[in-house]
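Engineer: Below you will find the structure I want to go over with you.
The values are calculated or read from the model by the stated rules, or taken from the named source; none is laboratory data. These numbers were taken from a predicted model, which means no experiment stands behind them. No Cβ is skipped: glycine too gets one built from the backbone with ideal geometry, and neighbour counts run over all protein chains shown.
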Amino acid sequence: MGVSAIALSASFLGAAEGWNAAVPVIGVGLLLILWPFIALPGPTILFGVLGLLFCAIFGFLPGNWFAPAEWHSRLQQAIPGLASTVSLQPYQTLFSLGALLAAILYGVWLIQWQPISRIVCLQTLVVGIAILAGVALISHYAGMPIPIWHPRQGFGPFSNRNQTGTLMGLGAIVAFGLLASGLRRGSWTSSWWIIALVLCLGANLLSNSRASLCLLLLATSGWFVYRLGISLRALTIGAGVVLLIATFALLLGEQVVGRLQEFLADGAGLRGNIYQDTAKLIAAVPFTGIGLGNFAAIFPFFRDSSLNSMRVIHPESDWLWLASEAGIGSILFCLVIVTSLLIQTAKPANPREGDVFFAGFVGVLAFLGNTLFDVPAHRLGTILPAIFVAALCTRPKLLFYRARWVPWISRGAGIALIVLAILLVRANSVANGPQRGFVKGDWHAVRAKANEALNITPLDWSLYLIRGSANVRLGNWMEALTDFRGARVIEPKLAVVPFDEGCAWLGANSALAIAAWKEALRRSPDDQILYLQMLDKSVPFHEVHLAIVRLGDEHLDWAFTALQRGYFDNTTLDSIESKRSELTFEQQSVFDRAKSRRAAAEKDYRLAYELGMKTLGKVTFPAPGHMSEIQYRLSLVQDPTNFSAVYNLCLILRAQERKREMLQVLESVTKQAGCPDYFYAMKGDLLASMDDWSGAWGAISRLVR
């Protein structure tokens, strides 16, 4: 029970930060101390583990032992105090190494573990995953968020939906194996595994993870082919189960089915571009890597084809992530470990055990398939359960069985993990300090805490922005400029960096604010939302606002954005007029409405009216009637809201040139609630014919929005 609890602790806690992230590492450390190794894995796996750890600690070697890359030298010159090691953030590398060690040592402990019943252990894990799925489903449908969970997509314990989908997919396939085993022996307990399967499948679908759903279907199909053979009966049952899952997906997982359709239509999309840019990073440092925990900080220097307004924190593939941070050698050692495990499957005592073991085996294969285009192996909440299943469904050889020194290695490693976990908690607390101070407006505290946080993560550009903003408010402008320059060097392509810098200078230095925002627009010239944010934020600062409006004159899309928001003047209108041929018909209509409102503001009501009328093409008039004036007047006496009678009466009065009477009727009807738009247009036309241009504009102004 305790061993499976360690595997699921990161999942239940959400594994976000602080103690939530440290608990599973501490759990593995205590396991190694209280129940130390009695043996080490066989030579092949041990070789792979030691090789992987050697690649991981490469980041702590001196950087001058190797030819420094151009970006490495540029960062060291721009950011004072950076480490001289391969990893420019050794603390980050140390914490990432702690998570890697926890996963490896947990796996090593499980390999030498000899439980009384492996099936009972797998049952315990599935029950835990099913409970987690049930809690997530209740939280979702009851609208009661779990305080320690922070899912960006609104479901599950993890911030990323693919992590939730991966864990639930693993739980579903093992639950399916337990169900098949129960049905084979005709046990009533199989009904419990139906419940577990339904809960895991439901949570898998609501996670909206395309990959985990597809891999679950493939794993289920593979189980049927292997366990029942290729026969009509097996194919019929297998197709029925797969069809049942697919039907469940259509009923419950409408969004994930939609995402599958998008994938079939558009392909990999941005993911493929990220792979391409990551390949360039790996090619730059193929043997040393950039050090564990450094991908998000270094990737911006290689980001070209995948560039957009979003920050990329991982390369959408565990293998690419590992190769970029620990070198391509780490991939080879990982393949040695994985291959050695998979070729030595556990020997079942009977067919019922075989159902469960093979289900776990294909579940692990599906997990490995997911690592090709996602990062579940980099998250303790998903890798620990996968290692748990893999260790129980395989039976690799052991080495140095019951040697005296083996337990002491275990205890030493356990102590090291606990120390690293405590340091991780401390680091997370330090990293969050500047944000808390920023909210409170305590600028001296913000600067002090940012200094402390930058000692741990010196390549976090957001910390430089926070400290720079604090320095602006404290009047330390030279220090602020240094901070903002550092942020731009670390993140040379995202527009959000100079945009936030410009926001910091608002109210302090207009010239610097304008310069920063010009750089932001240079980095993202097609981002109209960014330009609109600048317009909105600069309203209280006239000089900056006018400069941003003028920037729009050089770019039609920006100018039109300012126009639609109401931030324009005659220069803006002239700029758009010079490019009128590039406007769509709808944009031309919007432009003419803006010109009409500007003309009205300048009291040129005739021009305002004429331009406004050009945009009222959608005003439709009813068909005329055939009754007399007296009949229409009698209809109005009976029902003053009879708009049809009013309209036809106005037509008669207009035909007889009785303009004053018609005006009286129109003024009366336009005061009524629900008055149709065509009456305002008629009134404007009538007043224009009487040369009352101010009144004509006033009549149609409500229609010219």
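Engineer: What pairs come up if the first residue lies in the range 674-690 and is in the same structural domain as residue 649 (by TED's automatic domain parsing) and closer than 16 Å to residue 664 by Cβ, the second is part of a loop (DSSP other than H, G, I, E, B) and modelled with pLDDT of 85 or more, and their beta carbons are under 7 Å apart, counting only those six or more places apart or on different chains?
Structural biologist: 679/670; 680/670; 683/670
Engineer: Moving on to the next point. Could you list, in sequence order, all residues of the range 663-705 that are of a type in the set (Lys, Arg) and assigned to a loop (DSSP other than H, G, I, E, B)?
Structural biologist: Result: 671, 705.
Engineer: Run down 180, 142 and say which single residue is crowded, with 18+ Cβ neighbours inside 10 Å and of a type in the set (Gly, Ala, Ser).
Structural biologist: 180
Engineer: In the range 557-576, is there at least one residue being under 30 Å from residue 689 (Cβ atoms) and either surrounded by 12 or more Cβ atoms within 10 Å (Cβ to Cβ) or within 38 Å of the chain's Cα centre (by Cα) (or both)?
Structural biologist: The answer is yes, given that some residue of the range 557-576 is under 30 Å from residue 689 (Cβ atoms) and either surrounded by 12 or more Cβ atoms within 10 Å (Cβ to Cβ) or within 38 Å of the chain's Cα centre (by Cα) (or both).
Engineer: Considering the range 482-499 alone, what residues qualify as being within 17 Å of residue 448 (Cα to Cα) and either among the aliphatic types (A, V, I, L, M) or surrounded by fewer than 19 Cβ atoms within 10 Å (Cβ to Cβ) (or both)?
Structural biologist: Answer for the range 482-499, where residues must be within 17 Å of residue 448 (Cα to Cα) and either among the aliphatic types (A, V, I, L, M) or surrounded by fewer than 19 Cβ atoms within 10 Å (Cβ to Cβ) (or both): just 482.
Engineer: A further question on this structure: Does residue 594 satisfy the criteria of being assigned to a helix (DSSP H, G or I), of a type in the set (Gly, Ala, Ser) and within 26 Å of residue 694 (Cβ to Cβ)?
Structural biologist: Yes.
Engineer: If I ask for residues that are without any contact (Cβ under 8 Å) to a residue 40 or more places away in the chain and surrounded by fewer than 16 Cβ atoms within 10 Å (Cβ to Cβ), which ones from the range 299-332 would you list?
Structural biologist: Hits for the range 299-332 are 304, 305, 308, 310, 313.
Engineer: Got a sec? Which of 194, 146 is within 22 Å of the chain's Cα centre (by Cα) and among the β-branched types (Val, Ile, Thr)?
Structural biologist: 146 is the lone residue from the list that is within 22 Å of the chain's Cα centre (by Cα) and among the β-branched types (Val, Ile, Thr).
Engineer: Return the residues of the range 112-127 that are surrounded by fewer than 22 Cβ atoms within 10 Å (Cβ to Cβ) and of a type outside the set (Gly, Ala, Ser); say none if nothing qualifies.
Structural biologist: Within the range 112-127, 112, 113, 114, 115, 116, 118, 119, 120, 121, 123, 124, 127 qualify.
Engineer: While we're on this one: What's the number of the only condition in (1) assigned to a helix (DSSP H, G or I); (2) touching a residue at least 12 places away in the same chain (Cβ under 8 Å) that residue 151 fails to meet?
Structural biologist: (1)
Engineer: Which condition from (1) under 24 Å from residue 394 (Cβ atoms); (2) touching a Phe, Trp or Tyr at 6+ places or on another chain (Cβ under 9 Å); (3) without any contact (Cβ under 8 Å) to a residue 60 or more places away in the chain is the one that residue 108 breaks?
Structural biologist: (3)
Engineer: Can you tell me how many residues within the range 652-662 are surrounded by 16 or more Cβ atoms within 10 Å (Cβ to Cβ) and either outside the structural domain of residue 684 (by TED's automatic domain parsing) or out of contact with any Leu (no Cβ under 6 Å at 6 or more places or on another chain) (or both)?
Structural biologist: 3
Engineer: Looking at (1) under 26 Å from residue 116 (Cβ atoms); (2) part of a helix (DSSP H, G or I); (3) among the small types (Gly, Ala, Ser), which is the one condition that is false for residue 349?
Structural biologist: All conditions are met except number (2).
Engineer: Output the number of the condition that residue 571 fails; it satisfies all remaining conditions of (1) out of contact with any Gly (no Cβ under 7 Å at 6 or more places or on another chain); (2) closer than 21 Å to residue 683 by Cβ; (3) in a helix (DSSP H, G or I).
Structural biologist: Status for residue 571: all satisfied but (2).
Engineer: Working only within the range 594-619, note down all residues that are in contact (Cβ under 8 Å) with a residue 40 or more places away in the chain, surrounded by fewer than 20 Cβ atoms within 10 Å (Cβ to Cβ) and within 45 Å of the chain's Cα centre (by Cα).
Structural biologist: Of everything in the range 594-619, those that are in contact (Cβ under 8 Å) with a residue 40 or more places away in the chain, surrounded by fewer than 20 Cβ atoms within 10 Å (Cβ to Cβ) and within 45 Å of the chain's Cα centre (by Cα) turn out to be 597, 616, 619.
Engineer: Which of (1) under 20 Å from residue 587 (Cα atoms); (2) modelled with pLDDT of 90 or more does residue 563 not meet, given it meets every other one?
Structural biologist: Failing condition for residue 563: (2).
Engineer: Here is a further query. Could you say whether any residue in the range 540-551 is surrounded by fewer than 20 Cβ atoms within 10 Å (Cβ to Cβ), among the acidic types (Asp, Glu) and farther than 18 Å from residue 502 by Cα?
Structural biologist: No, because not a single residue in the range 540-551 is surrounded by fewer than 20 Cβ atoms within 10 Å (Cβ to Cβ), among the acidic types (Asp, Glu) and farther than 18 Å from residue 502 by Cα.
Engineer: Something else: Counting only residues that are surrounded by fewer than 24 Cβ atoms within 10 Å (Cβ to Cβ) and small (Gly, Ala, Ser), which one in the range 1-20 is modelled with the lowest pLDDT?
Structural biologist: Selected residue: 16.
Engineer: Okay, next question. Which of the helices (runs of 4 or more DSSP H) contained wholly in the range 28-119 include at least 2 residues that are within 27 Å of residue 359 (Cα to Cα) and over 32 Å from the mean Cα position of the chain (by Cα)?
Structural biologist: Helices (runs of 4 or more DSSP H) meeting the threshold: 43-56, 90-112.
One line per residue, one yes/no per condition, for (1) among the charged types (D, E, K, R); (2) in a helix (DSSP H, G or I); (3) surrounded by fewer than 19 Cβ atoms within 10 Å (Cβ to Cβ):
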position: 334; (1), (2), (3): no, yes, no
position: 338; (1), (2), (3): no, yes, yes
position: 355; (1), (2), (3): yes, yes, no
position: 382; (1), (2), (3): no, yes, no
position: 402; (1), (2), (3): yes, no, yes
